[in-house]
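Novice: Have a look at the structure that comes next, please.
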Amino acid sequence: MNSILKSFPSNLLAQLQSRTPLLWLNPGLGSSLPKDAPGIADVAEAEARLARCAGLMATLFPELKASAGRIESELIATPQLQQTMSSDPECAGSWFIKADHALPIAGSIKARGGFHEILALAESIAIDHGLLLPDGDRLQLASEAARTLFARYTVTVGSTGNLGLSIGVMAAALGFKAVVHMSTDAKAWKKDRLRLRGVEVVEHDGDYAAAVAAGRAQSQADPYGYFVDDEHSLMLFLGYAAAARHFAVQLKAAGRTVDATHPLFVYIPCGVGGAPGGITFGLKALFGEHVHCFFAEPVASPCMLVQLASQQNTPLSVYDIGLDNITEADGLAVGQASPLVSPLMAVQLSGVFTVSDRQLYTQLLQVLRTEDIALEPSAAAGVCGPDWLTNSDPGRTYLRHHDLEHHLNDATHVIWTTGGSLVPPEEHRRFLSIAAQYG
């Protein structure tokens, strides 16, 4: 392991170990994707699956009737947030929030991948048992015959919270037995919400990795078990990637062009990497070099940054460099990046910036005060992204290298929020109380 750590620039390793917020630029950006990478056809199939299951989703969840069964969120212009947070608001283009914190039912970005994977599982089982034709009406998946069939199966997942909510709620709605293994940093209210939906919650003393390992072991021992593997799941990844096309439609409706002189910058909180990685993959497929994606990670848990900066295929965790993975951003408290996603991000991701817990709370407060949007701490991680890009030495280096300095007036900055709408009022009050202590 020492030989791997020696591959880090010494100043970077020191900054990471001291928990100093930083912006790291990816030297591998623009290289070729791995030969075994998913393709555009795989994303298109995920889009098609979500489209053909829209009627089913609207039937299962009344909250989706208004959107005709689509899992979608608003793209919200945020001029007040821009005015408050930008060091030069007159020359910073236009800021938006992509409001996945308010996705229906699960209340977080995890609805995209989690719902897609369970729908794919349900289709596969129903087709294999002759209950559904490949081109049949997916409403059949809500029938009593389907529920009886699905009740034989147990869907298991390990989670810090939001993925567990997504998988548990979707699986239970279709009639599967659902079990969510949750780590110590998962919030009590998320566990309570799952139990109210009829989902079994198994609590663990360890971290996210321990919960995942326990869930995997339980599922493997069950002949009717199905494990949703956040670290390795292509179905989760493609469900997130499918978000890109509707997002592109929203940008067009907002009058935002994306091309060489109208760059798009996207800032996404990162835990294990599946959700931000899938979204980045989908956006790069649509916009290519004209979209620039940055991940936001806690200073205690920068697992994607650590893996990519090592420039190694060997898995590396934040524990290996002396960090403890303890953060208020429970959804981002992950020690080791997804081995499925990290090789893809090694060539597609523009960079990673890190945020302290203090920043999470102050940014959460700024979003609430300026735009009246209530987030959980992890969902506020991306708010400082535009300032890192335009007001730091690494950010300005990135802009010069990509010949973007003279196009910032026409740029679009999108802060992708990830959770918060289902947070109980007392939790939001606690967030604000902590934020007030930081001034």
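The values are calculated or read from the model by the stated rules, or taken from the named source; none is laboratory data. Quick caveat: nothing in here was measured; it's all calculated off a predicted structure. Counting neighbours? That spans all protein chains shown, and the Cβs are built from the backbone with ideal geometry, glycine included.
Novice: Against the conditions (1) hydrophobic (A, V, I, L, M, F, W, C); (2) farther than 13 Å from A380 by Cβ; (3) in contact (Cβ under 8 Å) with a residue 24 or more places away in the chain, where does V318 fall short? Just the number, please.
Specialist: V318 satisfies all of (1) hydrophobic (A, V, I, L, M, F, W, C); (2) farther than 13 Å from A380 by Cβ; (3) in contact (Cβ under 8 Å) with a residue 24 or more places away in the chain except (3).
Novice: Shifting gears a bit: Can you find, within the stretch 74-108, the residue that is surrounded by the most Cβ atoms within 10 Å (Cβ to Cβ) among those that are of a type in the set (V, I, T) and more than 21 Å from L56 (Cβ to Cβ)? Reasoning before the result, please.
Specialist: Keep residues of the stretch 74-108 that are of a type in the set (V, I, T), which gives 76, 78, 84, 97, 105.
From the residues that got through so far, the ones that are more than 21 Å from L56 (Cβ to Cβ) too are 76, 78, 84, 97.
Numbers: I76: 19, T78: 21, T84: 14, I97: 26.
Out of the qualifying residues, it is I97.
Novice: Take the stretch 109-144 and flag every residue that is more than 20 Å from I415 (Cβ to Cβ) and either buried (at least 24 other Cβ atoms within 10 Å of the Cβ) or among the acidic types (D, E) (or both).
Specialist: First, the residues of the stretch 109-144 that are more than 20 Å from I415 (Cβ to Cβ): 114-144.
Once the filter is applied, which keeps residues that are more than 20 Å from I415 (Cβ to Cβ) and either buried (at least 24 other Cβ atoms within 10 Å of the Cβ) or among the acidic types (D, E) (or both), the stretch 109-144 yields G114, F115, H116, E117, I118, A122, E123, D128, D135, D137, L141, E144.
Novice: Give me a count of the residues in the stretch 58-73 that are farther than 21 Å from H246 by Cα and surrounded by fewer than 18 Cβ atoms within 10 Å (Cβ to Cβ). Walk me through it before giving the result.
Specialist: If we filter the stretch 58-73 for residues that are farther than 21 Å from H246 by Cα, which is where we start, we get 59-60, 62.
Filter once more, keeping what is surrounded by fewer than 18 Cβ atoms within 10 Å (Cβ to Cβ): 59, 62.
Number of matching residues: 2.
Here is a yes/no grid of residues against (1) closer than 19 Å to D330 by Cβ; (2) touching a residue at least 40 places away in the same chain (Cβ under 8 Å); (3) assigned by TED's automatic domain parsing to the domain that holds F115; (4) buried (at least 24 other Cβ atoms within 10 Å of the Cβ):
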residue: A171; (1), (2), (3), (4): no, yes, yes, yes
residue: E200; (1), (2), (3), (4): no, no, yes, no
residue: Q220; (1), (2), (3), (4): no, no, yes, no
residue: V228; (1), (2), (3), (4): yes, yes, yes, yes
residue: H232; (1), (2), (3), (4): no, yes, yes, no
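Novice: Here is a further query. Quick one: D357 ticks every box in (1) more than 19 Å from the chain's Cα centre (by Cα); (2) at pLDDT 95 or above bar one, so which box is it?
Specialist: Of the numbered conditions (1) more than 19 Å from the chain's Cα centre (by Cα); (2) at pLDDT 95 or above, the odd one out for D357 is (1).
Novice: Which condition number does N313 fail, the rest of (1) in a helix (DSSP H, G or I); (2) surrounded by fewer than 21 Cβ atoms within 10 Å (Cβ to Cβ) being met?
Specialist: Result: N313 fails condition (1) only.
Novice: Only residues in the stretch 265-294 that are within 26 Å of S166 (Cα to Cα) count as the first member; pair them with residues that are surrounded by fewer than 24 Cβ atoms within 10 Å (Cβ to Cβ) and among the acidic types (D, E), Cβ under 7 angstrom, at least 6 apart or cross-chain, and list the lot.
Specialist: Partner pairs satisfying both residue conditions: V272/E231.
Novice: Within the stretch 140-160, identify whether any single residue is at positive phi and not assigned by TED's automatic domain parsing to the domain that holds H101, and answer yes or no. Give the steps one after another, and end with the answer.
Specialist: Step one: list which residues in the stretch 140-160 are at positive phi, which gives none.
So far as the stretch 140-160 goes, no, none of its residues is at positive phi and not assigned by TED's automatic domain parsing to the domain that holds H101.
Novice: Please pick out the residue among L364, L432 that is out of contact with any strand residue (DSSP E or B) (no Cβ under 8 Å at 6 or more places or on another chain), of a type in the set (A, V, I, L, M, F, W, C) and surrounded by fewer than 19 Cβ atoms within 10 Å (Cβ to Cβ). Lay out the reasoning, then the answer.
Specialist: Numbers: L364 fails: surrounded by fewer than 19 Cβ atoms within 10 Å (Cβ to Cβ).
One residue alone meets the criteria, L432.
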